[in-house]
Amino acid sequence: METNESKRILSMYQCTGTFTLGNYLGALRNHIKLQQEGYQCVYALADLHALTVRQVPAELRKYTKEAYAWLLAMGIDLEKTVFFIQSQVPEHSQLAWILNCYTQFGELSRMTQFKDKSAKHADNINGGLFTYPCLMAADILLYQADFVPVGADQKQHVEIARDIAERFNGIYGDTFTVPEPMIPQHGARVMSLQNPLSKMSKSDENQNGNISVLDDPDTILRKFKRAKTDSDSQVRFAEGKEGVNNLMGIYAAVTGKSYPEIEREFEGKGYGEFKPAVAEAVIEELRPIQERYRQIVADKAYLEQCYREQAPKASAIARRTLSKVMKKVGLVL
Ligand code: TYM
């Protein structure tokens, strides 16, 4: 029987700002747990992906280091898990170029994220934004990942990585493991608190819609109290109640309670009681991590030592795949 030990997991995170509650519930929290389930985990900060949108250089560097510290504070175990910064492992850019040449213009044009981001950044629709999925496919395929745990918004990107892997394997014989997406039951799509029809995102213009993992308790409480709901005032999961559904999803993800349990808990109570309860659960969930984070982020030498030691470990795995690919396509090694 196969065990998890023989399975590899890969996931990565953009570091264009402080992580949101969406990143935390849809991804980070589950990924930390997967370490204890015996998988070989490889995680990284996708700073090259961040360049597809114009960044302030000093801020990108700052956010990258802070994001690294946040994952350490969450309990990433560097003895078991490889955790690095993407740009420090050059194999990602190298494989991405090769995969660009095995990906069709048509399939890249159909990507929802490309359509959304090019609408949002109409003054900077660059080549990187368009070929982003090839870099992401390289991230995944370099490590021969079996599973890619992500929030629901990244499913299409994992699917194109599968298509690219299958196409390449079809031409050159078995080269890449074809990865499966792994999407959580609760928290897979945390929506903006101000516009529950769009996902919670670091780049949300309305910062009241977005909970940052570093927000203090008063801010978290205030943002939840202002969250958009509806005039029905009943805590129940139903079509047309997107704001409440979102809050219930967050509460379920944090407390582990099911929707019927939550509906019973708040029966006869209005949103006036429900919203602070969700806020309180989130505050208590984040509190211990925020405390550890403050210590770790202050220790710059320790942080730097961690990410510098991790990059060669990632590179050693990535290099094996890249060499195989280079040989197959006819490059001189
Ligand atoms: P990114 O940086 O946007 O998000 C990181 C992770 O957080 C999840 N996530 C959410 N989950 C639930 N609700 C939300 N509102 C929410 N917002 C974000 C994302 O699904 C993701 O799992 N392209 C990727 C980064 C990447 C990557 C990879 C991921 C680069 N290479 C290789 C997996 C494998 C991205 O921009 O995620």
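The values are calculated or read from the model by the stated rules, or taken from the named source; none is laboratory data. For clarity, every value in this text was computed on a predicted model and none was experimentally measured. Because the Cβ atoms are built from the backbone with ideal geometry, glycine has one as well, and the counts that use them run over all protein chains shown.
Summary of values
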item	result
Index of the failed condition, Asn4 passing every other in (1) modelled with pLDDT of 95 or more; (2) more than 12 Å from the ligand (Cβ to nearest atom)	(1)
Pair list, Cβ < 6 Å and 6+ apart or interchain, from segment 33-61 residues that are away from the ligand (no atom under 13 Å from the Cβ) to residues that are in a strand (DSSP E or B) and at pLDDT 95 or above	Gln35/Cys41; Tyr39/Ile9; Gln40/Arg8
Positions within segment 298-312 being out of contact with any Leu (no Cβ under 7 Å at 6 or more places or on another chain) and buried (at least 16 other Cβ atoms within 10 Å of the Cβ), in sequence order	Leu303, Tyr307, Ala311
Val150, sole failed condition from (1) within 13 Å of His49 (Cα to Cα); (2) near the ligand (Cβ under 8 Å from one of its atoms); (3) not polar (S, T, N, Q)	(1)
Residues located in segment 131-146, provided they are under 13 Å from His157 (Cβ atoms) and more than 10 Å from the ligand (Cβ to nearest atom)	Thr131, Cys134
For Gln36: the one exception among (1) crowded, with 23+ Cβ neighbours inside 10 Å; (2) over 16 Å from the mean Cα position of the chain (by Cα)	(1)
Qualifying helices (runs of 4 or more DSSP H) (wholly inside segment 220-333; at least 3 residues being farther than 30 Å from Asn169 by Cβ and of a type in the set (Gly, Ala, Ser))	242-255, 271-298
